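First up is the structure itself, then whatever we jot down about it.
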Amino acid sequence: MTITAHYRNVPANARNLSVALGNFDGVHAGHRAVIEAARTAVPGVGLGVATFEPPPRAYFRPDDPPFRLYRPMQRNMKLAALGAEAIYELPFNADMAAMTDESFAREVLFSGLGVRHVSVGFDFRFGRGRMGDANRLASLGRAIGFGVTIVEKIESLGTKASSTAIREALIAGEPERARDILGHDWVIDGVVEHGEKRGRTIGFPTANLHLGELLHPRHGVYAVRVRIDSQGEWLDGVANFGRTPTTGLRDPLLEAFIFDFEGDLYGRHIEVALAHYLRPELAFDQIDDMIVQMNNDVADAKTRLAQSALA
């Protein structure tokens, strides 16, 4: 798989492909339909996926709270698993924001990427001030020399499959609803950091992650599954995301306790799949009270995880 962070001087093996175009944050059912449409559009032609980096929302609204569902590396791994031979991380900057819809189609898609075909969702917008829509892209494609497929709305549980709906579910503390829209559990990934190391003193050592630019889900305690170094089995656990009001305020942190695990995880890459929301964060007057609640959380998480499979 080739990853290209520009649209000029694209390698020959990343040209003349059928390209799925969009944001692809989450790679949900709607995104997968756009990718499948590109994959099957022209027999014998390879599959490319073009997205924007940073996302346009981050460019136009830099002060928004974190909203990404996946870091670029994890998103790209999911795109590769769907058969992408090339991924184009188109630089969304002042120059691209100022392009007309026709300039984008000619300079970026046709001349830059050398596309044979492009597929987009029905609600795709592009060009300065979002001037162009999917039908306009189809018209430009006919004039310039590439085909266009427009994928109609994909619904999940009666709701349009969208990254917005997934974010709303996670912020509400409903990872199961997010899973239904995504088609898989929402997974947070990162490198384990040193924390306050208080958990190990009370029998609950945790692997700690700062989410950074990733969406911040509802604060509280979750039943989770954890995978280490992107390989091997998923391990059951329980995690808290938030500021831990009992021990002091700090930046929100994900603290995952893995059941029956021994080993040093500092500096290692882990993935944490949010399976079930158990409860909000609580403040305790005594550490002993917190330990009792944490034991209850472990029992609750084990029960909930035993009743559900990793999606």
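The values are calculated or read from the model by the stated rules, or taken from the named source; none is laboratory data. In this text the structure is predicted, and so the values were computed from the model without any measurement. Neighbour counts run over all protein chains shown; Cβ positions are idealised from the backbone, glycine included.
Screening segment 153-176 for residues that are farther than 17 Å from V238 by Cα and at pLDDT 95 or above and picking the one that is surrounded by the most Cβ atoms within 10 Å (Cβ to Cβ) gives I166. Has segment 80-87 got at least one residue that is outside the structural domain of S230 (by TED's automatic domain parsing), β-branched (V, I, T), touching a helix residue (DSSP H, G or I) at 6+ places or on another chain (Cβ under 7 Å) and farther than 30 Å from I171 by Cα? No; the residues of segment 80-87 include none that is outside the structural domain of S230 (by TED's automatic domain parsing), β-branched (V, I, T), touching a helix residue (DSSP H, G or I) at 6+ places or on another chain (Cβ under 7 Å) and farther than 30 Å from I171 by Cα. Quick check: is even one residue across segment 101-108 surrounded by 15 or more Cβ atoms within 10 Å (Cβ to Cβ), of a type in the set (V, I, T) and outside any helix (DSSP H, G or I)? Checking segment 101-108: not a single residue is surrounded by 15 or more Cβ atoms within 10 Å (Cβ to Cβ), of a type in the set (V, I, T) and outside any helix (DSSP H, G or I). In segment 48-73, the residues that are touching a residue at least 24 places away in the same chain (Cβ under 8 Å) and charged (D, E, K, R) reach residues that are surrounded by fewer than 18 Cβ atoms within 10 Å (Cβ to Cβ) and outside any helix (DSSP H, G or I) with C-beta atoms within less than 6 angstrom, at least six apart or across chains, in these pairs: R68/E213. Determine whether T51 is touching an Asp or Glu at 6+ places or on another chain (Cβ under 9 Å) and either modelled with pLDDT of 95 or more or among the basic types (K, R) (or both). So T51 passes the test. When V120, V49 are checked against the criterion of being over 16 Å from H6 (Cα atoms) and crowded, with 21+ Cβ neighbours inside 10 Å, a single residue qualifies: V120. Restricting the first member to segment 17-39 and to residues that are closer than 22 Å to D180 by Cβ, and the second to residues that are in a helix (DSSP H, G or I) and basic (K, R), the beta-carbon pairs closer than 6 Å and six or more apart or on different chains are V27/K78. You will find that of V192, V224, the residue that is in contact with a Gly (Cβ under 6 Å, 6 or more places away or on another chain) and either surrounded by fewer than 19 Cβ atoms within 10 Å (Cβ to Cβ) or under 27 Å from R268 (Cα atoms) (or both) is V224 and no other. Evaluate the following for A84: is it modelled with pLDDT of 95 or more and either in a helix (DSSP H, G or I) or within 18 Å of P54 (Cβ to Cβ) (or both)? Against the criterion (modelled with pLDDT of 95 or more and either in a helix (DSSP H, G or I) or within 18 Å of P54 (Cβ to Cβ) (or both)), A84 does not qualify. Evaluate segment 240-255: report whether one residue or more is modelled with pLDDT of 95 or more and either over 27 Å from P72 (Cβ atoms) or assigned to a loop (DSSP other than H, G, I, E, B) (or both). Within segment 240-255 (the criterion being modelled with pLDDT of 95 or more and either over 27 Å from P72 (Cβ atoms) or assigned to a loop (DSSP other than H, G, I, E, B) (or both)), the answer is no, since none of the residues qualifies.
Only residues that are touching a residue at least 24 places away in the same chain (Cβ under 8 Å), over 21 Å from Y70 (Cα atoms) and surrounded by fewer than 11 Cβ atoms within 10 Å (Cβ to Cβ) were counted in segment 261-292, giving 1. Applying the criterion of being of a type in the set (K, R) and in a loop (DSSP other than H, G, I, E, B) to the residues of segment 1-50, the residue that is nearest to P66 (Cα to Cα) is R8.
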